[in-house]
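The values are calculated or read from the model by the stated rules, or taken from the named source; none is laboratory data. None of the values given here were measured: they were computed from a predicted structure. Because the Cβ atoms are built from the backbone with ideal geometry, glycine has one as well, and the counts that use them run over all protein chains shown.
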Amino acid sequence: MSDHTLPDTLPAWLARLEAAHPVGIDLGLERVAEVARRMGLLDAPLCDRVITVAGTNGKGSTVAMLEALARAHGLSTAAYTSPHLLRYNERLRLDGQEADDATLIAGFEAVEAARLEGEPVSLTYFEVGTLGALWAIARGQMDLAILEVGLGGRLDAVNVIDPDVAVITTVAQDHAAFLGTDLQGIGREKAGILRAGRPAVLGSTTLPDSVRQVASELGAAVHALDEAFRREGEGAGWAFRGPQSITDLPDPGLPLDNAATALQALILAGLDLEEAACRRALAGVELPGRMQWLGQWCLDVGHNPHAAGYLAQRLEARPCQGRTVGLLGMLADKDADGVIAALSPVVDAWVPVSLAGERARTADDLAERLARHGGAVWHRGSTPVEAADWLAARLAPEDRVLVCGSFFTVAEVLEWRLAAEQTAGEDTAIEGAR
């Protein structure tokens, strides 16, 4: 970032940030903490309460439900998540609304000014985005900030902020190049968001022992699923049992363990839950790309075996009269065989697709793996959109499609679907005007 002529549009800023640092992921807090200090982000609490969420799977859904529940109780909220599906603006929501370009640009400018004070500090795309979002949150004077860890926990840029409540949803293998494959080690990295004397909410009954070990070393009080709190039942009418009990809750279409975890975290953040507000929030929560149904198409960004197992359970609980077709596109550093094995019992046929970029996996590679698992491959897509077009022309009304394997796969098909719906709406309007 040696050029001092700053961009004046969000796309130009994002292009600049992508080219600014020699590597895309550079774990460590020294650089980002120094710039945060220069920006004054460490001088005072970010807002009244901060909840930080880490985990391999379930972070996004937990954040979405925390935000919906808090807003239903009248709290002002800021939520920072990553990655995005269609627009960078999705990463920062202020009082339920995506941040506008001007807010994001102002944050980037504040980061740029701070990193050039004294000795210049090089930051990654994610680090600049995180600091810019934190700067915007601090100026919003919100009641609650909900921060999603991008990768790991201990060394993630989000971890420069001390949370009042730390949430760990799940621990499984993912991002092996950065976090390794040892679950105890991964657990210790995720537990890096815990703070001494502050509550830790553990949202899974199968976390590695290392998570509790870190909590014990810090003196962080553990509030674990099926111990301090639990959820009873499946689907609509489930109940939360914890410091407060709430019955007859709606199915949010997201993992209920994560819903119970969100409720427990908000109680620990000082919120007195109201039953009607909880029911209203969970009935209306939306999270694009997570079990998102658009007609016959189900879009889910799940890209590891743990997430695929949950997807299989949800599809099995919602049988269809026709065929279930998997449109699968994955990156090369993901466990494709594990994902295929988890989904094979509920998928009748497959359309593997190639993704673009240096980490991409080809449709041919996926097709070979699918064949080894006994899967029927209907077509090999050159892109997710090409595959979706091919498949849409061949679906029966009773069939359904599961689009999964990567944020990139889901994002491209989601954009394709939304464009098709817009075109159909325009055609209908034209016909109606004739």
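What tally of residues in segment 34-44 results from selecting those that are touching a residue at least 12 places away in the same chain (Cβ under 8 Å) and either farther than 9 Å from Ala138 by Cβ or assigned to a helix (DSSP H, G or I) (or both)?
5
Take the residues in segment 292-305 that are surrounded by 21 or more Cβ atoms within 10 Å (Cβ to Cβ) and among the aliphatic types (A, V, I, L, M); name whichever of them is nearest to Ile168 (Cα to Cα).
The extreme case among them is Val301.
Give all pairs with beta carbons closer than 9 Å in which a residue from segment 109-124 that is farther than 15 Å from Glu30 by Cα meets a residue that is loosely packed, with under 13 Cβ neighbours inside 10 Å; count only pairs at least 6 apart in sequence or on separate chains.
Glu112/His4; Leu116/His4
Which of the residues that make up segment 161-186 are at pLDDT 95 or above, more than 18 Å from the chain's Cα centre (by Cα) and aliphatic (A, V, I, L, M)?
Ile161, Val165
From the list Val347, Val285, which one is surrounded by 19 or more Cβ atoms within 10 Å (Cβ to Cβ) and within 18 Å of the chain's Cα centre (by Cα)?
Sole residue among the options that is surrounded by 19 or more Cβ atoms within 10 Å (Cβ to Cβ) and within 18 Å of the chain's Cα centre (by Cα): Val285.
Check Cys278, Cys298 and return the single one that is within 23 Å of the chain's Cα centre (by Cα) and not assigned by TED's automatic domain parsing to the domain that holds Asp162.
When all the criteria are applied, what remains is Cys298.
Report, by residue number, each residue of segment 308-326 that is under 20 Å from the mean Cα position of the chain (by Cα) and either of a type outside the set (A, V, I, L, M) or surrounded by 22 or more Cβ atoms within 10 Å (Cβ to Cβ) (or both).
Of everything in segment 308-326, those that are under 20 Å from the mean Cα position of the chain (by Cα) and either of a type outside the set (A, V, I, L, M) or surrounded by 22 or more Cβ atoms within 10 Å (Cβ to Cβ) (or both) turn out to be Ala308, Gly309, Tyr310, Leu311, Gln313, Arg314.
When both residues are 6+ apart or on different chains and their Cβ atoms are under 7 Å apart, which pairs have a first residue that lies in segment 357-372 and is in the same structural domain as Glu386 (by TED's automatic domain parsing), and a second that is of a type in the set (Ser, Thr, Tyr)?
Ala360/Ser354; Thr362/Ser354; Ala363/Ser354
Just one of (1) modelled with pLDDT of 95 or more; (2) within 18 Å of Asp156 (Cβ to Cβ); (3) not charged (D, E, K, R) trips up Ala99, so point out which.
(2)
So, in segment 52-110, of the ones that are on the phi > 0 side of the Ramachandran plot and out of contact with any strand residue (DSSP E or B) (no Cβ under 9 Å at 6 or more places or on another chain), which residue ends up surrounded by the fewest Cβ atoms within 10 Å (Cβ to Cβ)?
Within segment 52-110, the match that is surrounded by the fewest Cβ atoms within 10 Å (Cβ to Cβ) is Gly74.
For segment 307-356, which positions are charged (D, E, K, R), touching a residue at least 24 places away in the same chain (Cβ under 8 Å) and more than 21 Å from Thr56 (Cβ to Cβ)?
Across segment 307-356, the qualifying residues are Glu316, Arg323, Asp348.
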